[in-house]
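Novice: Take a look at the following structure, please.
The values are calculated or read from the model by the stated rules, or taken from the named source; none is laboratory data. For clarity, every value in this text was computed on a predicted model and none was experimentally measured. Cβ placement follows ideal geometry from the backbone for every residue including glycine, while neighbour counts extend to all protein chains displayed. Keep in mind that these areas ignore ligands, DNA and RNA; they rest on the heavy atoms of the full protein, side chains included. Shrake-Rupley method; radii C 1.70, N 1.55, O 1.52, S 1.80 Å.
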Amino acid sequence: MSPDAGTTAPLGVAMIGYAFMGKAHSNAWRNVASYFDVPAFEQKVLVGRDAEAVAEAAAKYGWAETATDWLTVLDRDDIHIIDVCAPGWMHAEIAIAALDAGKHVLLEKPLANTLAEAEAMTAAAGAARTRGVQSMVGFNYRRVPALALAKELIAEGRIGTVRHVRAAYLQDWLADDQAPMTWRLKKETAGSGALGDIASHAIDQVLFLLGDHVTEVSGRMHTFVNRRPGTGGPAGGLEDVTVDDAAWATLSLASGAIASVEASRVATGRKNSLQLEVFGDKGALRFDLENLNELQFLDATAPAREQGFRRIVVTEPEHPYLDAWWPQGHIIGWEHTFTHEVRDFLLAVSSGTAPSPSFEDGLAVQRILDAVEQSAASNSTLVQLSPAATPAAGTAGTTEGA
């Protein structure tokens, strides 16, 4: 079982998965204590199916030992945290088993591949929380200092009543119709395409920034390239793509605001561009992940002759998270968001505080993703969501954005 909150014993961490997200999370675990005051912990075990490959990754990323069966780490008394970086089809089984075993769980987004899985995981997380076992979904863009600052400005009323939001997450790694198949292009392994992969981030940002919940959804999904070269190369022929290349949604929020969401993995020229625009009756905010140290802010209460978006370089010690990093003006990068995520998770575990975003927050996003799919399947028919189904995000913890 995990140590009691406030204990001085090091927290043992096991991470499951060592590819793209495993590399990003490992970087965070390896560096977080060098910059933030966090509870003592140890990078105990890296888990992967290929013994040789996982051993090589562990040596690179700072893990003390390896395992090829994730179930074995759940039985160990020296493991207190499970960091799940495995593909989405494995999330539910691993997370539920880890929570039942009394392990704190940090889980990459989206919560699951299906709504049913997400609901089961959230129920397990709620039961575990009553025993002091914490869980968090890794929507890392909540930890971009510029976006954490945007949330503060919105909460302070600096842009007034929010009327509408534009959120677009655009990538181009599938723009080439000869790009080969991967597990991300098969519904049985990925759950969905651009919708679950990157629209989930955009939707979470809408909930995070506004502290609101969605009441109605209309959506559309499209696959531009239906067949791609198989994993076996040219000799293997073409394989069917069974997920979306792009998705669009219109979200109605309880506050009366409207959000438009767009996600594409075939947006030629866009490498990793999460664009957000928030329009209020007293001002507006703009952000683009490809310029992640900058936030554009317009104060509409200023005289018209002085109005215009001004560029805030979010590198001051007064900005969220940045007192731990470099002197003013020295920018940080994408990888730092995971360091901030691990920092917040460790502080929550240590204090016994439920971290944010919770599995409930992840479920709220999953319900919206499911509603987009329902709507898209019925010619963009409006789908109603009950308030209980989409709780306001970001309310579970107190350490986020500190």
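Novice: Any residue in segment 66-77 that's over 10 Å from residue 47 (Cα atoms) and in a helix (DSSP H, G or I): show its pairings with residues that are among the basic types (Lys, Arg) and modelled with pLDDT of 95 or more at Cβ separation under 9 Å, as long as the two are six or more apart or on different chains.
Specialist: 74/103
Novice: Within segment 130-137, does at least one residue satisfy the condition of being open to solvent by 20 Å² or more (accessible area, probe 1.4 Å) and either within 17 Å of the chain's Cα centre (by Cα) or among the hydrophobic types (A, V, I, L, M, F, W, C) (or both)?
Specialist: no
Novice: Something else about it: Quick check on segment 313-329: of everything there that is assigned to a loop (DSSP other than H, G, I, E, B) and among the charged types (D, E, K, R), which residue is surrounded by the most Cβ atoms within 10 Å (Cβ to Cβ)? Working first, answer last.
Specialist: Our first condition is that a residue be assigned to a loop (DSSP other than H, G, I, E, B); within segment 313-329, this holds for 314-321, 325-329.
In the following step, the residues that additionally are among the charged types (D, E, K, R) were identified as 316, 318.
On the way: 316: 14, 318: 9.
For segment 313-329, the residue satisfying everything is 316.
Novice: Mind telling me which of the residues 54, 105 ends up being assigned to a helix (DSSP H, G or I) and either among the β-branched types (Val, Ile, Thr) or open to solvent by less than 50 Å² (accessible area, probe 1.4 Å) (or both)? Working first, answer last.
Specialist: On the way: 105 fails: assigned to a helix (DSSP H, G or I).
Residue meeting the stated conditions: 54.
Novice: Taking residue 141 and the conditions (1) open to solvent by 20 Å² or more (accessible area, probe 1.4 Å); (2) in contact with a strand residue (DSSP E or B) (Cβ under 9 Å, 6 or more places away or on another chain); (3) outside any strand (DSSP E or B), which numbered condition does it fall short on, given that it satisfies the others?
Specialist: Every condition holds for residue 141 apart from (1).
Residues checked against (1) touching a residue at least 12 places away in the same chain (Cβ under 8 Å); (2) closer than 30 Å to residue 359 by Cβ; (3) within 22 Å of the chain's Cα centre (by Cα):
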site: 189; (1), (2), (3): yes, yes, yes
site: 198; (1), (2), (3): yes, yes, yes
site: 226; (1), (2), (3): yes, no, no
site: 252; (1), (2), (3): yes, yes, yes
site: 255; (1), (2), (3): yes, yes, no
site: 272; (1), (2), (3): yes, yes, yes
site: 275; (1), (2), (3): yes, yes, yes
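Novice: Limited to segment 160-179, what total is found for residues that are within 20 Å of the chain's Cα centre (by Cα) and either open to solvent by 20 Å² or more (accessible area, probe 1.4 Å) or not small (Gly, Ala, Ser) (or both)? Can you show your working first?
Specialist: We begin by selecting, within segment 160-179, every residue within 20 Å of the chain's Cα centre (by Cα); these are 165-173.
This time we only want the ones that are either open to solvent by 20 Å² or more (accessible area, probe 1.4 Å) or not small (Gly, Ala, Ser) (or both), so: 165-166, 169-173.
Adding up the residues that qualify gives 7.
Novice: Out of everything in segment 32-51 that is under 20 Å from residue 104 (Cα atoms) and part of a helix (DSSP H, G or I), what residue ends up being nearest to the chain's Cα centre (by Cα)?
Specialist: If we take residues in segment 32-51 being under 20 Å from residue 104 (Cα atoms) and part of a helix (DSSP H, G or I), then 32 is nearest to the chain's Cα centre (by Cα).
Novice: Another one. Could you say whether any residue in segment 84-93 is farther than 24 Å from residue 347 by Cβ, modelled with pLDDT under 95, in a loop (DSSP other than H, G, I, E, B) and open to solvent by 10 Å² or more (accessible area, probe 1.4 Å)?
Specialist: yes
Novice: Of the conditions (1) free of Cβ contacts under 8 Å to residues at least 60 places away in the same chain; (2) within 17 Å of residue 193 (Cα to Cα); (3) surrounded by fewer than 16 Cβ atoms within 10 Å (Cβ to Cβ), residue 304 fails just one. Which one is it?
Specialist: All conditions pass for residue 304, except number (2).
Novice: May I pose another question? Return the residue satisfying two criteria in turn: it lies in segment 218-253 and is under 18 Å from residue 206 (Cα atoms) and touching a Lys or Arg at 6+ places or on another chain (Cβ under 8 Å), and of such residues it is most open to solvent (accessible area, probe 1.4 Å).
Specialist: This residue is 248.
Novice: Looking only at segment 330-361, which residues are surrounded by fewer than 23 Cβ atoms within 10 Å (Cβ to Cβ), over 16 Å from residue 25 (Cα atoms), out of contact with any helix residue (DSSP H, G or I) (no Cβ under 7 Å at 6 or more places or on another chain) and not hydroxyl-bearing (Ser, Thr, Tyr)?
Specialist: If the condition is that a residue be surrounded by fewer than 23 Cβ atoms within 10 Å (Cβ to Cβ), over 16 Å from residue 25 (Cα atoms), out of contact with any helix residue (DSSP H, G or I) (no Cβ under 7 Å at 6 or more places or on another chain) and not hydroxyl-bearing (Ser, Thr, Tyr), then 330, 331, 332, 347, 352 are the ones that fit.
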